[in-house]
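See structure below.
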Amino acid sequence: MAFVSATAAASPSATLFLSVPYAARGAAGACACVQPRRPLSVPLRAAKGPSSAPMGLESKVKSKKKKGGVNLSGALDVEIREAQEYLDSDQQEPVPDNFPFEINDEKGMSVVILKRDFKDEKVEVIVSMPNLEGGPEFDDEDGEGEGDGEGAGKDEEADEDDESAGDSSISLKVVVSKDSGPKLEFTCTAFREEITIDDMLIVEKSDDDGEEKFPYEGPEFTELPVNVQKGLFKYLEQRGITLSATNYMHDYMVTKQAQEYIRWMTKLKDFVQQ
């Protein structure tokens, strides 16, 4: 394992450490809550092996248990109301002064697109919904009447969930292009304390001749020489992929997820009530 220190472009007080393991590349998972920011000493590294299976969209608040039959319209009302209460209590931070991207956020979409010009290049970043291991889940409606022992076990699991909140991440697809020639595409995962590169491709412009082609895609990112890996981390940092930017976008996407969740639940409620 090799380390090299560098100064973070967007956070003068934080030191970035590149840690480049020789492990296989990793994968990203699902969504949830966010912890307050704090100054960090940050290791950037190549992605590690698989961590967790993707999780589905989860409620921002735990649903209340009800006795008797389930009223769908009433259940939707509860979810919308509680999610709105969460959203009302969420304080979205203003865009940082050194944030280099233009934010393109379309309602109803599951991603946000960031754009900027850098010298003679165009940089586009597709940001996906946040993923948090151990995030809040719906209560088990079938668990009514469970014993105190199982209830205590759930309390312990909740404590473990709180401790795992630091695993929160967002997935990024970074595309760097010029007026002519190929593009560079990076698949990254941004955690609170580090940014990993999971994959990198050189994408040639297609000829549109209808013929299927199988271009050489290069080695796995973690199989590249260590100095090349370090150089690519620095390459992305210079183009705005810093912890300051990705931590802000994590908070932004948590808020967007709550907004889209409410919008989706409202559409479902309107449909079933027609």
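Top to bottom by accessible area (1.4 Å), largest first, where do 191, 221, 271, 99 land? Intermediate values should be presented prior to the final figure.
On the way: 191 50, 221 5, 271 145, 99 25 Å².
So, going from the largest accessible area down, we get 271, 191, 99, 221.
Residue by residue through the stretch 92-103, what is 3J(HN,Hα) from phi via Karplus (6.51 cos²θ - 1.76 cosθ + 1.60, θ = phi - 60°)? Round to whole Hz and write x for glycine and proline.
Rounded to whole hertz, the list is 6, 6, x, 5, x, 4, 9, 6, x, 9, 8, 9.
In what sequence, largest accessible area first, do 213, 269, 234 appear using a 1.4 Å probe?
Values: 213 110, 269 50, 234 80 Å².
Ranking 213, 269, 234 by accessible area, largest first, yields 213, 234, 269.
Quick check on packing: order 178-187, 224-233, 241-250 by the mean number of other C-beta atoms within 10 Å, highest mean leading.
Values: 178-187: 14.0, 224-233: 16.3, 241-250: 23.8.
The peptides rank, most packed first, as 241-250, 224-233, 178-187.
In what order, largest first, do 200, 109 sit by accessible area if the probe radius is 1.4 Å? Each step should come with its number before you reach the end.
On the way: 200 40, 109 85 Å².
Ranked list, largest accessible area first: 109, 200.
Explain nothing, just compute: Karplus ³J(HN,Hα) = 6.51 cos²θ - 1.76 cosθ + 1.60, θ = phi - 60°, for every residue of the stretch 237-253 in order, whole Hz, x for Gly and Pro.
4, 5, 9, x, 8, 10, 5, 4, 6, 6, 5, 4, 5, 4, 4, 4, 6
For the stretch 177-187, just list the computed ³J(HN,Hα) in residue order, Karplus coefficients 6.51, -1.76 and 1.60, θ = phi - 60°, integers in Hz, with x standing in for Gly and Pro.
Rounded to whole hertz, the list is 9, 10, 4, 9, x, x, 10, 9, 10, 10, 9.
For residue 263, what accessible surface area do you get with a 1.4 Å probe? Give it in Å², rounded to 10.
We get 70 Å² for residue 263.
Starting from the stretch 207-248, pick out the GluC sites (Glu not before Pro) whose DSSP state is loop and whose Cβ has at most 11 other Cβ atoms within 10 Å. Show your work: numbers first, answer last.
Values: sites: 211, 212, 217, 220, 223, 237; in loops: 211, 212, 217, 220.
Of the GluC sites (Glu not before Pro), the ones in loops of the stretch 207-248 whose Cβ has at most 11 other Cβ atoms within 10 Å are 211, 212, 217.
Keeping all protein chains in the complex and leaving out DNA, RNA and ligands, what accessible area do you get for residue 167 with a 1.4 Å probe, in Å² to the nearest 10?
Near enough 70 Å² of accessible area.
Whose amide H sits under 5 Å from the amide H of residue 199, counting only residues 5 or more places off or on another chain, with H placed in the peptide plane?
187
Taking a threshold of 28 Å on the Cα-Cα distance, which of the pairs 107/269; 173/256; 213/256; 115/269; 107/205 fall above it? List each step's numbers first, then the result.
Values: 107/269 18 Å; 173/256 18 Å; 213/256 38 Å; 115/269 35 Å; 107/205 31 Å.
From 107/269; 173/256; 213/256; 115/269; 107/205, over 28 Å: 213/256; 115/269; 107/205.
Grab the Cα-Cα distance for residue 175 and residue 228, subtract it from 0.36 nm times how many residues apart they are, and report the gain in nm with one decimal. It would help to have the intermediate numbers written out before the result.
On the way: separation 53, 0.36 × 53 = 19.08 nm, distance 1.83 nm.
Extra length from residue 175 to residue 228 when fully extended: 17.3 nm.
The values are calculated or read from the model by the stated rules, or taken from the named source; none is laboratory data. Predicted model, so just to flag it, every value in this text is computed and none were measured. In this analysis, Cβ positions are derived from the backbone assuming ideal geometry, glycine residues included, and neighbour counts consider all displayed protein chains. Note: accessible area is taken over every heavy atom of the protein model, side chains too, but ligands, DNA and RNA are not part of it. Shrake-Rupley method; radii C 1.70, N 1.55, O 1.52, S 1.80 Å.
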